[in-house]
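Colleague: Got a structure for you, written out below as structure tokens; questions coming shortly.
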Amino acid sequence: MNENKSHKAVCPAIPELLVPAGNYEKLVTAVHYGADAIYLGGKDFSLRAKAGNFSENAMQAGLDYAHRHGVKVYITANIIAHNRDFSELDEYLLGLEKLGVDGLIISDPGILRRAQAVVPSLPIHLSTQANVTNSGSAAFWFEQGASRLNLARELSLKEITEIREENRGELEVFVHGALCISYSGRCMLSNYLTGRDANQGSCAHPCRYSYSLVEEKRPGEFFPVEEDERGTYIFNSKDLCLLEKLPQLVAAGVDSLKIEGRMKSIFYVGGVVRIYRAALDYLATLPAEAWADPEEIRLPEHLLMEIARTGTRGQTENFIIDRPGSAEMLYNHTRLDQEWEPVAVVRRVEEDVLVELRNPLELGDEIEYMGRDDRNYPLTVRTMTNEKGEEISRGNPGNRLFLQTEPPLAELAEEVAILRRQKR
Ligand code: SF4
């Protein structure tokens with residue numbers, strides 16, 4: 001964690017940057033681009049059942065990789081549990097302790113109780129699904145043994161500050177990613193419409209579906225309630241982005257800033273993490289005087305432009321200043337057009353650079369190397385050679401190629417880094 005040593009007494013501590021990983025590749029990407037900590041789910045007891053949760057072997061490999069790079073790993077066990085869910089819980093928790101995980105993310109009091117009994121040494125972080133919205137609720141959960149609370153996403157900065165002032169334990173706040181239209185994920189829409197339980201990790205995201213109106217005496221006749229010919233997405237929230245509010249969140253004394261998205265791509269994970277990392281590193285350089293009025297601190301403009309390139313449904317600051325209104329919803333489509341797309345991931349850096357393609361690539365294409373910091377490096381593709389040593393003029397997704405560019409990629413490439421381009 002960064003600190004401005006010359007003004008240590010008055011500069012606020014820079015919070016942990018906590019990043020999702022739906023699989024090993026995403027974990028490695030998150031570490032590369034600057035995560036302080038990763039959260040991931042095991043095969044059991046975790047929401048986001050479709051997120052490609054980790055098997056025990058993959059989890060061990062991920063933990064080893066993260067710990068080698070000084071990054072912590074927290075495991076989600078945040079389902080709303082039924083009695084049938086407890087039969088294998090103790091064994092699972094003991095397994096996590098043996099693997100060396102750094103904490104558990106829990107929302108169900110029954111699971112919390114078992115964790116305290118079975119693995120008392122493991123810190124417990126309360127999941128956002130527990131809906132902590134006030135100081136008393138925070139105090140209650142700290143008294144129950146949680147060391148950290150992920151606060152509900154429905155809080156304002158003022159409320160977060162009050163909870164901070166009235167409680168001593170660690171506070172974590174979501175700063176970026178998809179939002180639910182229900183209270184921090186407590187939602188039955190998916191259960192009713194698809195039979196898939198959001199609170200058991202199987203949400204089908206029906207809040208993003210397109211809806212029509214049906215009059216009860218005329219079944220089968222669908223009346224459009226539409227903003228345009230594609231329909232109306234009445235429950236579809238824009239995505240959270242609190243990048244511009246980081247100075248105030250840091251000044252408020254939040255301990256951890258969490259990014260949502262275990263189901264998102266490595267392009268998204270890498271792109272978002274490096275911008276939040278750059279923003280926090282920038283804040284860490286500010287002198288003490290700057291913190292006299294955190295509202296006046298402005299992040300470098302290019303960071304705000306870059307975050308929009310990661311692909312979102314539009315940006316909202318949700319409840320952080322005011323209650324969200326209709327401007328915070330997307331009524332006519334599920335996703336904004338993404339102007340940038342991933343091209344390849346660097347797999348090996350020796351004399352030549354081996355990349356794995358994610359989209360088609362041709363000679364002469366203009367691409368960009370996404371630096372570990374907030375910089376992008378424009379490149380032109382000059383030659384492509386497959387692993388048999390044959391020169392080719394076009395590569396397809398999944399191909400592994402040696403790539404020569406102008407200027408030379410080999411001079412800046414690091415394994416795991418991402419290449420991207422503006423969509424044609
Ligand atoms: S349906 Fe939408 S609002 Fe409900 S839990 Fe799923 S993602 Fe959240």
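Colleague: Given a Förster radius of 51 Å and the C-beta distance between Ala117 and Glu390 as r, what FRET efficiency does 1/(1 + (r/R0)^6) yield to the nearest 0.05? Present the calculation step by step, with values, prior to reporting the outcome.
Modeller: Values: r = 61 Å, r/R0 = 1.20.
It comes to 0.25.
Colleague: Something else: At 10 °C and 1.306 mPa s, what whole-number value in µm²/s does Stokes-Einstein give for the translational diffusion of segment 146-188, with Rh from the Kirkwood sum over Cα pairs? Show your work: numbers first, answer last.
Modeller: Working: Rh = 11.5 Å.
Translational D for this selection: 138 µm²/s.
Colleague: Here's another thing I want to ask about it. With label points built 7 Å along Cα→Cβ from the Cα atoms of Thr383 and Asp281, find their separation and express it in nm.
Modeller: Between Thr383 and Asp281, the label points sit 3.3 nm apart.
Colleague: Could I ask something else about it? What's the local net charge at Ala58, with K and R +1, D and E -1, over the other residues with C-beta under 12 Å away? If you can, show how the numbers build up before the last one.
Modeller: Values: positive: Lys26, Lys43; negative: Glu25, Glu56, Asp64.
Neighbour charge sum, excluding Ala58 itself: -1.
Colleague: Continuing with the same structure: Can you give the FRET efficiency to the nearest 0.05 for Asp44 and Ala13, using r as the Cβ-Cβ distance and R₀ = 30 Å?
Modeller: On the way: r = 35 Å, r/R0 = 1.16.
E(calc), rounded to 0.05, equals 0.30.
Colleague: Let me ask you something else. Quick one: what are the phi-derived ³J(HN,Hα) couplings along segment 235-243, Karplus 6.51/-1.76/1.60 with θ = phi - 60°, whole Hz, x for glycine and proline?
Modeller: Those phi angles translate into 10, 8, 7, 5, 8, 6, 8, 10, 3 Hz.
Colleague: Each label point is 7 Å from the Cα along the Cα-to-Cβ direction; what then is the distance between the points at Ser210 and Glu165, in nm?
Modeller: 4.9
Colleague: What is the spin-label model distance, in nm, from Arg186 to Met305 if the labels are put 7 Å beyond Cα along the C-beta direction?
Modeller: 4.3
Colleague: Follow-up. So what's the back-of-envelope 222 nm ellipticity for the chain, counting only DSSP H runs of four-plus at -39500 (n - 2.57) apiece and dividing by all residues, rounded to 500?
Modeller: Working: 10 runs with 101 residues, N = 424.
Value at 222 nm, helices only, nearest 500: -7000 deg cm²/dmol.
Colleague: Additional query: Pull out a ≥ b ≥ c, the square roots of the eigenvalues of the alpha-carbon gyration tensor of segment 17-157, then state rounded if a/c is under 1.5, prolate if not and a/b is larger than b/c, and oblate in the remaining case.
Modeller: Numbers: a/c = 1.70, a/b = 1.23, b/c = 1.38.
Oblate shape, in that a/c is at least 1.5 and b/c is the bigger or equal ratio.
Colleague: Can you send over the carbon and sulfur percentage of the accessible area for the chain, probe radius 1.4 Å, protein chains only?
Modeller: On the way: 9340 of 19520 Å².
Answer for the chain: carbon and sulfur cover 48 percent of the accessible area.
Colleague: Got the relative contact order for the chain handy, in percent, Cα pairs under 8 Å and 6 or more residues apart? Please list the in-between numbers first.
Modeller: Working: 889 pairs, mean separation 65.4, N = 424.
Here the relative contact order equals 15 percent.
Colleague: How large is the accessible surface of Val353 in square angstrom, using a 1.4 angstrom probe and rounding to the nearest 10?
Modeller: Approximately 0 Å² for this residue.
Colleague: Let me ask another. Report the GluC sites (Glu not before Pro) located in segment 341-395 that are in a DSSP loop and have at most 16 other Cβ atoms inside 10 Å of their Cβ, or state none.
Modeller: On the way: sites: Glu350, Glu351, Glu356, Glu362, Glu366, Glu368, Glu387, Glu390, Glu391; in loops: Glu350, Glu351, Glu387, Glu390.
Sparse-neighbourhood loop GluC sites (Glu not before Pro): Glu350, Glu351, Glu387, Glu390.
Colleague: Which far-off residues, 5 or more places away or on another chain, put their amide H under 5 Å from the one on Gly103, with H placed in the peptide plane?
Modeller: Here Ile75 satisfy the definition.
Colleague: Considering only Cα-Cα distances, which of the following residue pairs are longer than 32 Å: Lys43/Lys238; Lys258/Lys388; Lys238/Lys423; Lys217/Lys264; Lys72/Lys238; Lys26/Lys158?
Modeller: Lys258/Lys388; Lys217/Lys264; Lys26/Lys158, as the Cα separations exceed 32 Å there.
Colleague: Can you list, largest first and rounded to whole Å, the semi-axes you get for the chain by taking the square root of 5 times each eigenvalue of its Cα gyration tensor? Can you show the working numbers first?
Modeller: Values: eigenvalues 231, 162, 121 Å².
The three semi-axes for the chain are 34, 28, 25 Å.
Colleague: Still on this structure, I have one more. With the other protein chains left in place, how much accessible area per residue, in square angstrom, belongs to segment 340-422 at a 1.4 angstrom probe?
Modeller: On the way: 4060 Å² over 83 residues.
Roughly 49 Å² per residue, with all protein chains present.
Colleague: Here's something else I'd like to know. Rg and Dmax in Å for segment 340-422, alpha carbons only: what are they?
Modeller: In Å, with Rg to one decimal and Dmax whole: 11.2, 35.
Colleague: Largest first and in whole Å, what are the equivalent-ellipsoid semi-axes of segment 278-424 based on the Cα gyration tensor, each being the root of 5 times an eigenvalue? Write down the numbers at each step before the final one.
Modeller: Values: eigenvalues 271, 93, 22 Å².
Whole-Å semi-axes of the equivalent ellipsoid: 37, 22, 10.
Colleague: Taking each full run of DSSP H in the chain as one helix, which ones are at least 24 Å long along their axis (Cα atoms) and have mean Kyte-Doolittle hydropathy of at least -0.5?
Modeller: Details: long enough: 266-284 (26 Å, 1.06).
Passing helices, by number: 266-284.
Colleague: Taking loop as defined by DSSP and a crowding limit of 16 other beta carbons within 10 Å, which trypsin sites (Lys or Arg not before Pro) in segment 131-188 fit? All intermediate terms of the calculation are to be shown ahead of the outcome.
Modeller: On the way: sites: Arg148, Arg153, Lys158, Arg164, Arg168, Arg186; in loops: Arg153, Arg168, Arg186.
For trypsin sites (Lys or Arg not before Pro) across segment 131-188 that sit outside H, G, I, E and B with at most 16 neighbouring Cβ atoms in 10 Å, the list reads Arg168, Arg186.
Colleague: Report the local net charge at His32: Lys and Arg +1, Asp and Glu -1, summed over other residues whose C-beta lies under 10 Å from its C-beta. The partial results should precede the final answer.
Modeller: Values: positive: Arg274, Arg372; negative: Glu414, Glu415.
Here the count lands on 0.
The values are calculated or read from the model by the stated rules, or taken from the named source; none is laboratory data. As the structure is a computational prediction, the values presented were derived from the model and not from experiment. Note that each Cβ is placed from the backbone with ideal geometry, even for glycine, and that neighbours are counted across all protein chains shown. For the accessible areas, the whole protein counts, side chains as well, though only heavy atoms, and no ligand, DNA or RNA atoms are used. Shrake-Rupley method; radii C 1.70, N 1.55, O 1.52, S 1.80 Å.
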